[in-house]
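Heads up, the thing below is written out as structure tokens.
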Amino acid sequence: MSQGACSDRQIFMVGLGGQGILLLARALAEWAAATGREVISSETHGMAMRGGTVTASLKIGRYAGPLIPPGAADVLIGLDEHEALSHLPMLRKDGVSIVNTAVDTGNFSHVVDAAGIARSLGAPGAVNMIVLGCTAQVLGIDRAEIEKIVKRVSPAKAKKANLKALQAGFDALVP
Amino acid sequence: MNTHTRAPSSTGKQDDKAREILLGNEAIAHGIIASGANVVASYPGTPASEVCTTAMNLASQKNLAVHVEWSINEKTAVEVAFTNSITGRRSAAIMKQVGLNVASDPVISAAYMGVTGGLVLVVADDPGPHSSQTEQDTRLFAMHAKVPVLDPMSPREALEMTMQAFAFSERYRTPVILRPTTRVCHARQLVELPDIKPLDRRPDFRKDPSRWAATPGPRLVLHRELNAKLREIEQHPWARPRLVHGSGGTELAVVSSGVACAYLLDVIAELGTRQDISIYKIDMPFPLDRRALSSLTEKHPRVLVVEETEPVIEMQFINRERVSGRMDGTVPDAGELTPEVVAFVLEEFTGTRAQKRTTVSAQQRRPSLCAGCSHRAAFYAIKRALPGGIYASDIGCYTLGLNLGGVDTCLCMGAAVSQAAGFFHAFKDSPTPPPIAAIIGDSTFFHAGIPPTINALVTGARFVLVVLDNATTAMTGHQPTPATGGMTNDFSGRTLSLEEAIAGCGVRTIRVHDPYDMSGFTDAVREAYARTETEGVTAVIARHPCIKDRRALQAQTRYAMRITEECTGCGVCVREFECPAISVVDRRARIDTSLCIGCGVCVQVCPVEAIAAKEES
Ligand code: SF4
Ligand code: SF4
């Protein structure tokens with residue numbers, strides 16, 4: 001019974017292979033589990049990871065299956081603007097979208113130039129963590145909590161850069 | 001509503017069992033190790049690969065007396081695992097569905113012989129297909145092989161079923177197949193980690209040639225025994241439909257299994273249905289208690305079967321007059337059953353037709369070889385060395401060579417070599433036969449390329465064999481190969497180089513060259529091809545590590561790339577070479593620095609030398 005229950009949430013993520021969407025999805029799943037809720041998620045592996053369209057779904061609450069039907073996502077996270085635009089129908093009517101783009105075309109509720117920020121941080125691969133930071137900000141996720149999780153799920157070598165990017169993302173959205 | 005197979009709303013903290021979010025494949029690996037299996041064997045293949053990786057990690061982290069191996073192919077994996085299981089010990093073999101085709105010979109025979117220790121075959125299906133050649137249904141194969149098959153709907157259920165499958169296998173002395181689909185393998189869910197209890201079992205092989213070495217006569221006896229076992233298994237609760245939603249007294253009923261059942265439960269919870277319905281879940285689609293199925297059609301005037309991907313449950317209904325599903329077109333006969341397809345089918349069946357369907361008709365971005373991948377350089381060079389040729393290729397990252405016209409065929413593992421032979425025989429009497437190349441990856445060559453190489457050599461075929469050696473099984477997540485070593489959890493075993501293996505097949509000319517040097521590599525292919533005239537099959541090994549290997553990438557020279565004023569915007573670098581970092585915008589090439597790894601190879605592609613490279617310090 002997921003209708004309206006505020007704790008139940010479906011988050012759809014899309015990007016291109018190599019952008020690190022799986023780590024983003026993983027961090028959000030760990031966060032949800034840490035708050036004591038059930039989670040089931042789905043991710044793309046295999047050939048698409050070589051630069052193709054990669055999607056991930058995260059369902060928080062009482063769900064049995066891992067996929068989100070079109071028009072049912074509460075939140076859409078896009079690491080690539082074009083992919084986000086073409087997957088916009090995944091979002092329910094008043095759903096929230098958080099998308100990495102350099103130019104705000106007015107298609108999304110929240111945009112962030114994550115690629116630009118990543119470049120200025122000297123970590124062009126950290127787009128995923130910047131967008132995660134924004135997402136945490138938008139969804140009201142506790143900052144210390146998500147930092148703890150990113151520390152845990154990041155590969156040792158990327159830990160520092162990921163944390164820096166997460167923090168930059170957290171502060172990037174001017175309300 | 002009845003929610004007892006849906007997750008509870010809160011995980012609570014009722015006990016101190018460790019709970020972790022696990023990938024379906026990780027959950028299965030935990031189940032295998034916790035059940036005390038001492039042999040685990042697999043060949044990598046999406047969506048199954050992470051099972052063996054996880055088992056290997058568990059075995060080494062916990063220092064368990066378990067042998068985990070990446071076998072050379074699925075047939076070998078099954079044979080090793082099966083044999084451990086006829087000594088009373090527990091084993092698992094893991095593969096993707098098309099790997100089961102490779103292993104079909106031992107699996108079907110093993111069903112006749114049975115086992116004394118539990119044998120679980122994990123075979124992952126890929127409806128969609130997302131990363132496979134076919135959408136074949138392993139449950140149908142299981143029926144053909146007369147092996148019981150379990151169909152989990154979630155990581156949590158996959159773990160439970162794996163643990164129970166070993167005891168089940170021992171009780172009925174039969175191999176058992178666990179058939180997760182991509183959406184179970186690559187779902188993550190909170191699961192309770194099982195305790196790892198080592199099984200202290202001595203190997204006990206009772207010699208019995210009438211079973212373990214049966215000739216056709218005793219095989220008939222074994223076949224009858226197998227049939228009797230299956231009749232006994234039909235009495236197991238898994239063989240009966242289980243009511244998971246509704247009263248069981250409704251006019252409409254849906255019978256389902258696997259992840260499709262999970263979608264049904266979600267769709268009903270989300271949208272509801274105008275008419276009340278009952279949902280039955282089937283845990284073991286074969287063998288089924290057919291009388292229990294018949295009583296469903298007696299109780300419910302209309303029954304819908306929703307399953308992936310073939311009508312396996314549906315065809316086991318004795319009387320199908322009241323049954324709809326794939327066989328009468330109510331359920332589409334190909335493609336994945338996503339939540340929206342399930343919702344649509346359910347609406348049709350219940351006559352609800354609630355709201356307009358939302359669909360996402362997103363143009364999926366096509367995958368391509370990574371920027372800087374040495375395969376791209378190899379394909380580009382082969383095209384130049386053998387213009388107008390036929391390029392028979394194979395399965396791996398390098399299948400993506402088709403984006404740059406370097407791959408003409410891709411049939412199944414190892415077929416590059418036999419297809420090259422087939423093309424040779426097809427064209428050998430034509431006035432101008434095209435040059436032929438077999439282009440195959442290192443892991444694929446070991447998996448199924450060796451017998452066809454010998455075959456080609458001893459049957460007079462002439463072509464050049466190009467083995468793309470990037471020192472890994474890249475596509476499936478970078479597993480080792482026989483040439484790299486590390487095929488087992490304890491690093492036992494020697495390595496075998498490609499040169500040794502190819503020479504062992506009888507090939508005399510074997511050139512090794514780094515494809516990053518495209519002109520040198522082109523010459524190597526050209527020369528090797530010239531020698532096919534007298535030698536039949538000659539070989540070139542394209543040796544350059546996969547740049548997704550961090551250490552390899554750091555070890556290679558990195559160039560700062562620049563497009564100069566000379567660029568005419570001709571697009572050769574995009575069309576013929578297809579590096580994803582290069583695009584042509586406003587009649588000028590552009591290099592995306594966030595993708596470019598600075599390999600410098602594209603310098604050799606530009607006809608007007610407009611791509612410049614400067615070595616980075
Ligand atoms: S993963 Fe390695 S082999 Fe595969 S496309 Fe990328 S660079 Fe090439
Ligand atoms: S140097 Fe050229 S070929 Fe290599 S990655 Fe960069 S753009 Fe691609």
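The values are calculated or read from the model by the stated rules, or taken from the named source; none is laboratory data. These numbers were taken from a predicted model, which means no experiment stands behind them. So basically every Cβ, Gly included, is an ideal-geometry build from the backbone, and we count neighbours across all protein chains shown. Note: areas computed on protein heavy atoms with side chains; ligands, DNA, RNA excluded. Shrake-Rupley method; radii C 1.70, N 1.55, O 1.52, S 1.80 Å.
Axis angle, to the nearest 10 degrees, between helix B:24-34 and the longest C-alpha principal axis of chain B: 70 degrees. Ordered by solvent-accessible area of protein heavy atoms (1.4 Å probe), largest first, the residues B:ASP514, B:ASP283 come out as B:ASP514, B:ASP283. Karplus-based coupling profile of region A:59-71, in residue order and whole Hz: 10, 10, x, 8, 10, 9, x, x, 9, 9, x, x, x, with θ = phi - 60° in 6.51 cos²θ - 1.76 cosθ + 1.60 and x standing for Gly or Pro.
For chain A, rounded, prolate or oblate, judged on the Cα gyration tensor with a ≥ b ≥ c (square roots of eigenvalues), a/c < 1.5 rounded, else prolate if a/b > b/c?
Here chain A falls in the rounded category.
Between B:GLU566 and B:LEU193, full extension at 0.36 nm per residue minus the direct alpha carbon distance yields a gain of 128.1 nm. Of all lysines in the structure, the ones whose alpha carbon falls short of 22 Å from that of B:LYS62, not counting any fewer than 8 places away in one chain, are B:LYS17, B:LYS197. Rounded to the nearest whole Hz, the Karplus-based 3J(HN,Hα) values (6.51 cos²θ - 1.76 cosθ + 1.60, θ = phi - 60°) of region B:460-476 follow the sequence x, 6, 10, 6, 9, 9, 10, 9, 7, 9, 10, 6, 6, 9, 6, 3, 8, with x at glycine and proline. Treating r as the C-beta distance of B:ARG322 and B:ARG224 and R0 as 30 Å, the FRET efficiency rounds to 0.30.
Compared with the direct C-alpha span, the chain from A:ARG119 to A:GLU145 gains 6.8 nm at full extension, assuming 0.36 nm per residue. Could you give the angle, 0 to 90 degrees to the nearest 10, between helix B:104-113's Cα long axis and the longest principal axis of the Cα atoms of chain B? That helix lies at roughly 30 degrees to the long axis.
Legend: residues A:ARG143, B:ARG494, sorted from most to least accessible area (1.4 Å probe; ligands, DNA and RNA excluded), read B:ARG494, A:ARG143. Surface composition of chain B: carbon plus sulfur atoms hold 50% of the accessible area, using a 1.4 angstrom probe and ignoring ligands, DNA and RNA. By the rule of a C-alpha distance below 19 Å, with chain neighbours fewer than 8 residues away ignored, the lysines paired with B:LYS75 are B:LYS96, B:LYS146. If only the Cβ of Lys and Arg carry +1 and only the Cβ of Asp and Glu carry -1, the dipole of the protein assembly as shown around its Cα centre is close to 1080 debye.
Taking the DSSP bridge list for chain B and keeping only pairs wholly inside it, about 25 percent are antiparallel. These residues, B:TYR263, B:TYR112, go from largest to smallest accessible area, 1.4 Å probe, as B:TYR112, B:TYR263. For the protein assembly as shown, a/c is not less than 1.5, where a ≥ b ≥ c are the root eigenvalues of the C-alpha gyration tensor, and a/b does not top b/c. That puts it in the oblate class. Once the gyration tensor of the Cα atoms in region A:6-93 is diagonalised, the equivalent ellipsoid follows with semi-axes of 21, 15, 10 Å, ordered largest first.
Using Stokes-Einstein with the Kirkwood hydrodynamic radius over Cα pairs, what translational diffusion coefficient do you get for chain B at 37 °C and a viscosity of 0.692 mPa s, in µm²/s rounded to a whole number? It diffuses with D of about 123 µm²/s by this estimate. Relative to the longest principal axis of the Cα atoms of chain B, the long axis of helix B:290-299 makes an angle of roughly 70 degrees. Estimated from helical segments only, the mean residue ellipticity of chain A at 222 nm is -11000 deg cm²/dmol, where each DSSP H run of four or more residues counts as -39500 (n - 2.57). B:ARG384 label point, 7 Å along Cα→Cβ, cut-off 20 Å on backbone N: hits in region B:449-474? Once the point is set 7 Å along Cα→Cβ of B:ARG384, B:464-469 turn out to lie under 20 Å by backbone N, inside region B:449-474.
The mean count of C-beta atoms from other chains within 10 Å of the C-beta of residues in B:267-274, rounded to a whole number, is 3. Taking the Cα of B:THR534, stepping 7 Å toward and past its beta carbon, and measuring to each backbone N in region B:503-520: which are under 17 Å? Hits in region B:503-520 for B:THR534 at 17 Å: B:507-511. Straight-line reach from A:LYS160: taking Cα to Cα under 17 Å and skipping same-chain neighbours fewer than 8 places apart, the lysines in range are A:LYS148, A:LYS151. With the simple spin-label model, which puts each label point 7 Å out from Cα in the Cβ direction, the B:ALA167 to B:TRP212 separation comes to 2.8 nm.
For the protein assembly as shown, the solvent-accessible area with a 1.4 angstrom probe is 40 square angstrom per residue. For region B:529-593, the set of GluC sites (Glu not before Pro) satisfying both a DSSP loop assignment and a count of at most 16 other C-beta atoms within 10 Å is given as B:GLU565, B:GLU566. Spacing of the modelled spin labels on B:ARG550 and A:SER109, each 7 Å from Cα toward Cβ, amounts to 3.6 nm.
In this structure, the amide hydrogen of B:GLY88, modeled 1.01 Å from its nitrogen in the peptide plane, lies closer than 5 angstrom to those of B:THR116, B:GLY117, B:ASP204, counting only residues at least 5 positions away or on a different chain. Buried area at the A:B interface is about 4100 square angstrom, summed over both chains, from accessible surfaces computed with a 1.4 angstrom probe.
Compute the Cα gyration tensor for region B:480-521, then decide on rounded, prolate or oblate, letting a ≥ b ≥ c be the square roots of its eigenvalues: rounded whenever a/c is under 1.5, prolate when a/b is larger than b/c in the other cases, and oblate in all that remain.
Numbers: a/c = 5.35, a/b = 1.65, b/c = 3.24.
The shape class here is oblate.
Could you work out [θ]222 nm for chain B from helices alone, using -39500 (n - 2.57) per DSSP H run of at least four and dividing by all its residues? Round to the nearest 500 deg cm²/dmol. Please report the intermediate quantities before stating the final value.
Numbers: 20 runs with 202 residues, N = 617.
When only DSSP H runs of four or more count, the value is -9500 deg cm²/dmol.
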